[in-house]
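Student: My questions will all concern the structure given below.
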Amino acid sequence: MTWWKEAVFYQIYPRSFNDSDGDGVGDIQGIVEKVDYIDGLGVDAVWLNPVYESPQVDYGYDVSDYQAIHDEYGTMEDWEELLDALHDRDIRLVMDLVANHTSDEHTWFLRSRDSDEEYEDYYIWREGEETEGEEGVEHVPPNNWESAFGGSAWKYDAGRGEHYLHLFHEKQPDLNWSNPDVRDEVVEVVDWWLEKGVDGFRMDVINLLSKPDDLPDGSPESDWVGSEHFVDGPKIHEYVGELHERAFEPHDAVTVAEMPDLTPDEAERYTDDGVDIVIPFEHMELDRGDAVDWYTTDVDLVELKQVFSRWQEADCWTCLYWSNHDQPRAVSRFGDEEYRVESAKMLATVSFTLRGTPFVYQGEEIGMTNPGFESFDEIRDTGTLERAKTAMADIGIKGFENVRDIVNYWTRDNARTPMQWNSDEGAGFSEEEPWIKLNSDYENVNVEAAREDDGSVLSYYRELVDARHENPVLVYGDYELLLEDHPEVYVYERSLSEGGDEEDAESDRMLVMVNFFDGEPRFSLPDSYDGTLDEVVVSSYGVADEADASTEFELRPYEARVYRVR
């Protein structure tokens, strides 16, 4: 039994949360102004996206100084005020640790580029080949690995005369974790923040740290060429275990690990290394079709249930989420904008009743949706721009109008539009034009309107937070999937035995049923089901508190119910 299993986390993307100084960019003082709102949600911890010094090429995930605050966000004194304000309300603060790469403006990289003896091996440098091309000498990369943002994962540096590896943007060079001095540096950074009072870290793409020394070519057929070599690389468990032992364990800090392409079996190994909460991606990949990030397919609910069930049965603890700063808005992707309120409540019900720790992304609690972009000029995410440029060149098409639908579905900017606080111009986020497009529905979808509506998504989230805090079965209970082949409803039971031997133990049981679509499916519980539904704990449509003895049900569009079972 640990606090982070029983907690509800709230994720804040500071650039888009609240602007306190009128420059159109969210900042730390803006978060301080909203601490009472965060407290009112009933959450237990805040995950703060990067606020470190950064050129903002990837909006904070390109760190140029791990021990300084980016001036657009404020000062270290502002950050300390935020920490105190959260701790005064018994809310913990988890920072973002970006340890796979830095900015190319970080001192380490600048000195490595200059072949400074102390820093020359802080990054992954390799010689390539030179060939004669139509425009002179061309520098061929050391292997065929690709960047997650499209194109080669290598950048030639004329000053050093070598290529450096960047699995993301070319201004985000990968650190060389095989160098013990690099590992020492990261430990010092983590320890410095923990000494300042941070309660833990969300670790960005932490399973990409280890690369094989020989850097072999990857399969050209892979969705991310080279990933079979750098995802869960040869020494990754050594590096993660060492980081836990040296930095996190002495401070009893919680660790939340983002890990692309993670399997349940591998997640169990990371748990043995000391990782507390893993962030799986498998359920977020089901709508990608055959060409990752280029077109979509409808999610198959039966397959989604299989994925969730595998993770529920694994010996690890997971982050429960539908959206974050890297993913489209949950309602637009997994729900239905025509049933915005109903589908937002349904998705939240699943997050709060499965085994794991719920993570709520800012705006999710009021049912925010994707905004809809009209041109590349409105896109701020460099990842979207790079991937679109590469894909359009490969396919041989031009013009935003030819890729509008897919860009609007996938772009990370969907989740980065400003938080919608009220119906005033600027949505209460800023008095100036925001750094990114504002969703046009802010006059109706905002915190102020939700507070005045007992049937709002916000009110329902508060019910779910209370239900999770008051019912240990939703935290620690076993999971059993029912009606596994039903194509429209997801039904499962959580059960927790307490006290006595196996025969005399009392069992707390809850049955969860949700309709994932806009139809009205009728269904029956299996004949073998041995429980009687005793009372309604949570209902998205507000059904009667007392349940009847029926085992036949009809759910309305996107309806969710949680019953206590006798």
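The values are calculated or read from the model by the stated rules, or taken from the named source; none is laboratory data. Since the structure is predicted, the reported quantities are computational estimates derived from the model, not experimental observations. With ideal geometry, Cβ positions are generated from the backbone for all residues, glycine too; neighbour counts draw on all protein chains shown.
Student: Out of the residues in the range 326-339 meeting the condition of being of a type outside the set (Phe, Trp, Tyr) and surrounded by fewer than 22 Cβ atoms within 10 Å (Cβ to Cβ), tell me which one is farthest from PRO358 (Cα to Cα).
Tutor: GLU338
Student: Condition test on VAL278, is it at pLDDT 95 or above, closer than 22 Å to ALA415 by Cβ, not assigned by TED's automatic domain parsing to the domain that holds ARG556 and not in a loop (DSSP other than H, G, I, E, B)?
Tutor: When the stated conditions are applied, VAL278 passes them.
Student: Go through (1) surrounded by fewer than 18 Cβ atoms within 10 Å (Cβ to Cβ); (2) at pLDDT below 85; (3) in contact with a Leu (Cβ under 9 Å, 6 or more places away or on another chain) for ALA505 and report which single condition fails.
Tutor: All conditions pass for ALA505, except number (3).
Quick grid of which residues meet (1) loosely packed, with under 15 Cβ neighbours inside 10 Å; (2) small (Gly, Ala, Ser); (3) modelled with pLDDT of 95 or more:
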| position | (1), (2), (3) |
| --- | --- |
| GLU425 | yes, no, no |
| SER430 | no, yes, yes |
| ILE436 | no, no, yes |
| VAL475 | no, no, yes |
| GLU480 | no, no, yes |
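Student: Just need a number here: residues in the range 78-90 that are farther than 17 Å from ASP19 by Cα and not in a loop (DSSP other than H, G, I, E, B).
Tutor: So the count comes out to 7.
Student: Which one of the conditions (1) touching a His at 6+ places or on another chain (Cβ under 9 Å); (2) among the polar types (S, T, N, Q); (3) over 22 Å from TYR52 (Cα atoms) does ASN179 fail to meet, given that it meets all the rest?
Tutor: (1)
Student: Is at least one residue of the range 361-372 within 29 Å of LEU167 (Cβ to Cβ), touching a residue at least 40 places away in the same chain (Cβ under 8 Å), touching a strand residue (DSSP E or B) at 6+ places or on another chain (Cβ under 6 Å) and not assigned by TED's automatic domain parsing to the domain that holds SER147?
Tutor: Yes - at least one qualifying residue is present in the range 361-372.
Student: Test of understanding: among VAL32, VAL46, VAL57, which residue is in contact with a helix residue (DSSP H, G or I) (Cβ under 7 Å, 6 or more places away or on another chain), of a type in the set (A, V, I, L, M) and in a loop (DSSP other than H, G, I, E, B)?
Tutor: From the options VAL32, VAL46, VAL57, the qualifying one is VAL57.
Student: Quick check on ASN402: is it in contact with a Ser or Thr (Cβ under 8 Å, 6 or more places away or on another chain) and not assigned by TED's automatic domain parsing to the domain that holds TYR541?
Tutor: Considered against the rule, which asks whether it is in contact with a Ser or Thr (Cβ under 8 Å, 6 or more places away or on another chain) and not assigned by TED's automatic domain parsing to the domain that holds TYR541, ASN402 comes out as no.
Student: Here's a follow-up. Just checking, which of TYR461, TYR529 is surrounded by 13 or more Cβ atoms within 10 Å (Cβ to Cβ), on the phi < 0 side of the Ramachandran plot and at pLDDT below 95?
Tutor: Of TYR461, TYR529, the one residue that is surrounded by 13 or more Cβ atoms within 10 Å (Cβ to Cβ), on the phi < 0 side of the Ramachandran plot and at pLDDT below 95 is TYR529.
Student: Please find, among ASP65, ASP174, the residue that is surrounded by fewer than 17 Cβ atoms within 10 Å (Cβ to Cβ), within 18 Å of GLU53 (Cα to Cα) and touching a residue at least 12 places away in the same chain (Cβ under 8 Å).
Tutor: Result of the check over ASP65, ASP174: ASP65.
Student: Restricting attention to the range 54-69, report how many residues are within 19 Å of ASP184 (Cα to Cα) and hydrophobic (A, V, I, L, M, F, W, C).
Tutor: 2
Student: Pick from VAL225, VAL231: which is in contact with a strand residue (DSSP E or B) (Cβ under 6 Å, 6 or more places away or on another chain) and either within 30 Å of THR2 (Cα to Cα) or at pLDDT 95 or above (or both)?
Tutor: Testing whether each residue is in contact with a strand residue (DSSP E or B) (Cβ under 6 Å, 6 or more places away or on another chain) and either within 30 Å of THR2 (Cα to Cα) or at pLDDT 95 or above (or both) leaves just VAL225.
Student: Quick check on my filter: what residues within the range 167-204 are assigned to a loop (DSSP other than H, G, I, E, B), out of contact with any strand residue (DSSP E or B) (no Cβ under 6 Å at 6 or more places or on another chain) and of a type outside the set (Lys, Arg)?
Tutor: Those that are assigned to a loop (DSSP other than H, G, I, E, B), out of contact with any strand residue (DSSP E or B) (no Cβ under 6 Å at 6 or more places or on another chain) and of a type outside the set (Lys, Arg): PHE168, HIS169, TRP177, SER178, ASN179, GLY197.
Student: Could you check how many residues of the range 60-77 are under 24 Å from GLY24 (Cβ atoms) and either of a type in the set (Gly, Ala, Ser) or part of a strand (DSSP E or B) (or both)?
Tutor: Result for the range 60-77: 6.
Student: Further question: Please enumerate the residues belonging to the range 177-188 that are of a type outside the set (Lys, Arg) and crowded, with 19+ Cβ neighbours inside 10 Å.
Tutor: If the condition is that a residue be of a type outside the set (Lys, Arg) and crowded, with 19+ Cβ neighbours inside 10 Å, then TRP177, VAL182, VAL186 are the ones that fit.
Student: Taking the conditions exactly as written (in a strand (DSSP E or B), surrounded by fewer than 20 Cβ atoms within 10 Å (Cβ to Cβ) and modelled with pLDDT of 95 or more), does TYR156 satisfy them or not?
Tutor: When the stated conditions are applied, TYR156 passes them.
Student: May I pose another question? Hey, which of the helices (runs of 4 or more DSSP H) in the range 421-504, taking only ones fully inside, have at least 2 residues that are within 28 Å of ASP300 (Cα to Cα)?
Tutor: 457-470, 473-476
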